[in-house]
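Read through the structure below, which is laid out as structure tokens, and then see the notes.
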Amino acid sequence: MKHSFLCLAFLLLTATCVFSQTTKDSTWIEQFKIFRDGIYHHDKETVKQFFDFPIKGDYCWSYARMNIANDDKATDNALQKLEKNISPLTEKLFDLYFDQIFSKEFISSLIKIKTKELFQKREIETPELSADKVYAYKIIAKFETESKILTLNFLIYPKIKSTEYNTPLKTDSKFKWKNILNLQYEQGKKKVQCSV
């Protein structure tokens with residue numbers, strides 16, 4: 001198995017995904033399906049119901065900056081300013097930068113999550129997908145039954161053997177992660193655990 005050289009947990013970095021408070025065990029997986037479908041269909045209104053705005057922190061802006069077109073200097077400058085000012089992610093900014101926050105690579109991995117398997121096993125890994133000739137990506141999804149925390153770890157890593165890690169990696173790829181992040185969504189509570 002490839003080592004995770006570069007890792008990004010499912011983003012919005014300090015966001016809270018709000019799942020409904022019920023005792024029914026299957027509620028969390030149904031809520032996840034709605035969330036996933038909303039992202040896939042770019043349904044901002046559906047996706048927004050899973051977040052409490054404003055969301056503190058600057059890491060979402062670092063991530064969003066990695067997902068803009070190379071020639072889009074205006075968006076890059078705007079996101080750079082938000083990152084520098086450690087601006088919270090407001091609902092208005094969420095709408096404006098939805099496509100940068102939820103990259104096509106993230107969405108490609110997200111739709112590969114088999115919900116029936118996740119519900120049964122409580123932890124799964126999506127197939128590895130290729131971002132380009134240098135990088136691959138996948139999501140590791142885990143649901144903690146006792147705490148009712150669903151964690152989606154979005155990993156991007158170089159397609160190199162572990163013995164090659166001492167060799168500097170030279171690439172023009174846009175994937176140059178600066179942080180290792182972990183985000184957990186707790187069902188029924190407005191709580192986030194984020195580590196860098």
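Bear in mind that the values in this text are calculations on the coordinates, not laboratory data. These numbers come from a predicted model, not from an experiment. Every residue, glycine as well, gets a Cβ built from its backbone with ideal geometry; the counts of neighbours run over all protein chains shown.
Among Ser147, Ser108, Ser103, Ser62, what is the fewest-to-most ranking by other Cβ atoms within 10 Å?
With the fewest neighbours first, Ser147, Ser108, Ser103, Ser62 line up as Ser147, Ser108, Ser62, Ser103.
Which links in Lys56/Lys121; Lys44/Lys142; Lys56/Lys112; Lys73/Lys104 stretch past 22 Å when you go from one Cα to the other?
Correct reply: Lys56/Lys121; Lys44/Lys142; Lys56/Lys112.
Taking the Cβ of each residue in Glu105, Glu83 as the centre, tally the other Cβ atoms inside 10 Å and list the residues starting with the fewest.
Glu83, Glu105
Computed FRET efficiency, Cβ-Cβ of Asp72 and Glu125, R0 30 Å: what is it to the nearest 0.05?
Calculated value: 0.40.
So for each of 89-96, 135-142, 40-47 I average, over its residues, the number of other beta carbons within 10 Å; can you give me the resulting order with the highest mean first?
135-142, 89-96, 40-47
Residues with beta-carbon under 11 Å from that of Ile139, excluding Ile139: net charge, scoring Lys, Arg +1 and Asp, Glu -1?
Its environment carries a net charge of +1.
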